[in-house]
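Engineer: Pasting a structure below so you can have a look.
Throughout, read-outs are computed from the coordinates displayed, never taken from laboratory work. These numbers come from a predicted model, not from an experiment. Positions of Cβ are generated from backbone atoms using ideal geometry, with glycine treated the same way; all protein chains shown enter the neighbour counts.
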Amino acid sequence: MAPSVNNAILQVPDDAWDILRDCRAFFLKQVVRLLQEAEPLPEEPLRAFAKATGAYFDDTVSTEKRSRFDQLGSLTASRISLLGEDDLELDIRLGSFVSQLLEANARELWRVYLRFVTLLGRPDLSPGDNPVGPKAVATGLVALCKALDDDHNRALDRVTRLEEHFAEFLPGVYLALNDFLVSHKVSAAQPTLV
């Protein structure tokens, strides 16, 4: 059985936009701090990481709901390029990175997810599309590796090193984020089983 959210009880706060803006800033500040603690990096790559992570957050909280088909936009066969072997390996590695962090942070992420459902008024929000979930961090890492001009092996090594660091310290970020949302009186949506 898959968990679902009961949408009859969602109480979106009147100041949801302000809370969301502050939540985004808080999250970005915390994950950039974690990244700096793991690897002292120049300003420009840090900015690329924060920008990509923030863009993921923004896309996820967007109220515009699009189907997967609509997200393809004007993609045509001539615009589709096959992933190279190295790109595919990095993509698989990032998928593993996301899975490991989801597992390491399951309880903390679930609490934050339920508060985001309320904050956004979106009972259809998938737990995998949590705006502050590991996918956001993975998106930032792709931009970081590009900004550092990492070759394939260096990018894989960087993801592996950072996975251990984020697995250890990201739960604290999610606990603080949950406390932040509680302090702004964002209630948790009530999960139901479907």
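Engineer: Karplus couplings for the range 176-189 from phi (6.51 cos²θ - 1.76 cosθ + 1.60, θ = phi - 60°), rounded to Hz, Gly and Pro as x?
Structural biologist: 5, 5, 4, 4, 4, 5, 4, 5, 9, 6, 8, 7, 7, 4
Engineer: Among the aspartates and glutamates, which fall within straight-line cross-link reach of residue 146, defined as a Cα-Cα distance under 13 Å, with same-chain neighbours fewer than 8 residues apart omitted?
Structural biologist: 44, 87
Engineer: Which Cα, out of 167, 177, 156, lies furthest along the positive dipole direction of the range 150-194 (beta carbon charges, K/R +1, D/E -1)?
Structural biologist: Projecting each Cα onto the dipole axis, the largest value belongs to 177.
Engineer: Relative to the Cα centre, what is the charge dipole magnitude of the range 79-194, using +1 at the beta carbon of each Lys and Arg, -1 at the beta carbon of each Asp and Glu, and rounding to the nearest 20 debye?
Structural biologist: Working: 12 positive and 17 negative charges, 144 e Å.
Roughly 700 debye for the range 79-194.
Engineer: I would also like to ask the following. Amide H of residue 190: which non-local residues (sequence gap of 5 or more, or other chain) have their own amide H closer than 5 Å, using H built in the peptide plane?
Structural biologist: 6
Engineer: Excluding residue 100 itself, what net charge comes from residues whose Cβ is under 10 Å from its Cβ, given Lys and Arg +1 and Asp and Glu -1?
Structural biologist: On the way: positive: none; negative: 103, 163, 164.
With Lys, Arg at +1 and Asp, Glu at -1, the net is -3.
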